[in-house]
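To start, the structure under review is shown below, and the notes come after it.
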Ligand code: UFG
């Protein structure tokens, strides 16, 4: 059974999860996916099958359902867990904080309790650069910076999640844990088979850009024009989702090596890019003229943040392979392909 190298992937039908499944399979792991599809597209399993050549095991459960999750642990001996399952819309979390605290924390607690009970050794947690809040003078953030004040209940669930994991690790050092602090994942699988499926109008920049270009949305609004940045628009660290997926596989390998057993690690490119630059790259790659306008600042947006990725480079031997141009190109391919599906 162990030869199958089973990894439980909660929330594995989502944007980052689905790409990580393909990366796990390429590296010889067997993902077992727990997802109730409330925030994922039902076509994802068949799409993944086309990429990896077989249908992986998808179990339609809510990780907040402890009984169903227990049943899954009874059936499989997991070598590791990648815990993606969580809500992620910042604005929605402000409107419905309890929905976010209940879902994100209960799902994490259930998964962790079972990890400890069934003696699973390795646990990778989806965290976010949102834990830094508004960075001070230094926009290139390192992992040792004190966590900021999260601008949203969503952000708080990531801060609390990391702290909860640290406490559990202190009491049970048998469980090796990596909290990956994602910057801004964009792009799609180079095959064009999987990508982002925003439900409703997207909050994130890239699906809004490509969606506006194909006419799904009338116009892109750029939030704010007078930030203290090169062109007045916010700076973010955009990372190709396949590079992010690869980081999860590297994190598992690192945890398995037993070198260290609790780490928080930034996963970003180390490059900051403004919103206007993203638009410019999109127009150059697609040959489309984007319909956009400036609008007011979005509450809670930080002016500028990008990763110091030295720790991921050295500890995980992880380096991004894709450029911003590749990411935009793949996101655009995906959007055009969706139009014809
Ligand atoms: N933006 C626009 N117009 C849009 C959408 C976004 O101008 O229609 C701008 C935003 O103002 C921001 C940039 O594009 O400057 C990136 O915005 P995203 O919403 O794509 O990403 P964020 O950096 O706001 O959010 C990301 C993750 C969140 C996480 C946050 C932490 O998506 O999950 O980083 O900083 F909480």
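Once Rg and the Kirkwood radius are both taken over the C-alpha atoms of segment 1-102, their ratio Rg/Rh works out to 0.99. Per-residue extension of 0.36 nm, minus the Cα-Cα distance of residue 317 and residue 337, leaves a gain of 3.9 nm for this segment. Among 172, 264, 269, the ranking by other beta carbons within 10 Å of each residue's beta carbon, starting with the fewest, stands as 172, 264, 269.
If the chain linking residue 204 and residue 67 were pulled fully straight, counting 0.36 nm for each residue of separation and taking away their Cα-Cα distance, it would gain 45.9 nm.
Extents of segment 156-196, largest first, come to 44, 24, 12 Å (Cα atoms, principal axes, whole angstrom). The rule of thumb for compact globular proteins, 2.2 N^0.38 Å, goes into the C-alpha radius of gyration of segment 37-165 1.20 times. Please report, to two decimal places, log10 I(q)/I(0) for the chain at q = 0.07, 0.09, 0.10 Å⁻¹ as given by the Debye formula with identical point scatterers on the Cα atoms and no solvent. Log10 of I(q)/I(0), two decimals: -0.27, -0.45, -0.56. Residue-normalised convex hull volume from the C-alpha trace of segment 164-228: 192 Å³ per residue. The calculated FRET efficiency for the pair residue 280 and residue 173, based on their C-beta separation and a Förster distance of 51 Å, comes to about 0.55. Short-range pairs are left out: with C-alpha atoms under 8 Å and at least six residues apart, the relative contact order of segment 107-150 is 33 percent. In terms of other Cβ atoms within 10 Å, 283, 196 run from fewest to most in the order 283, 196. A compact globular protein would have a Cα radius of gyration near 2.2 N^0.38 Å; the ratio found for segment 251-341 is 1.45. Answer rounded, prolate or oblate for segment 182-275, using the Cα gyration tensor with square roots of eigenvalues a ≥ b ≥ c: rounded when a/c is under 1.5, else prolate when a/b is larger than b/c, else oblate. Here segment 182-275 falls in the oblate category. Counting only DSSP beta bridges whose two residues both lie in the chain, roughly 5 percent are antiparallel. When 123, 223, 197 are arranged by Cβ crowding within 10 Å, least crowded first, meaning fewest neighbours, the order is 223, 197, 123.
Under a Gaussian network description of the chain, with springs only between Cα atoms under 10 Å, the residue in 327, 257, 127 that fluctuates furthest is 257.
Backbone N atoms of segment 285-299 closer than 17 Å to the 7 Å Cα→Cβ label point of residue 325 belong to residues 285-288.
Among 134, 67, 79, the largest mean-square fluctuation in a Gaussian network model of the chain, built with springs joining Cα atoms closer than 10 Å, belongs to 67. Using only alpha-carbon positions in segment 114-207, the gyration tensor eigenvalues give semi-axes of 27, 21, 12 Å once each is multiplied by 5 and square-rooted (largest first). Going by a ≥ b ≥ c, the root eigenvalues of the Cα gyration tensor, does segment 182-341 fall in the rounded group (a/c under 1.5), the prolate group (a/b larger than b/c) or the oblate group? Since a/c reaches 1.5 but b/c is at least a/b, the shape of segment 182-341 is classed as oblate.
If a spin label sat at a point 7 angstrom from the Cα of residue 37 along the line to its beta carbon, the backbone N atoms of segment 54-74 nearer than 12 Å would be those of 58-61. Report summary: the helix-based calculation at 222 nm, which adds -39500 (n - 2.57) for every DSSP H run with n ≥ 4 and divides by the residues of the chain, gives -12000 deg cm²/dmol.
Between residue 75 and residue 290, the contour length at 0.36 nm per residue exceeds the alpha carbon distance by 72.4 nm. Place a label point 7 angstrom from the Cα of residue 257 along the Cα-to-Cβ direction, then list the residues of segment 1-38 whose backbone nitrogen is under 19 Å away. What the label zone holds, given the 19 Å backbone N cut-off, is 24, 27-29. Between 329, 19, 76, the GNM of the chain built on Cα springs shorter than 10 angstrom shows 76 fluctuating the most.
Throughout, read-outs are computed from the coordinates displayed, never taken from laboratory work. Since we're looking at a predicted model, the values are computed, not measured. All Cβ positions, even for glycine, are placed from backbone atoms using ideal geometry, and neighbour counts span all protein chains on display.
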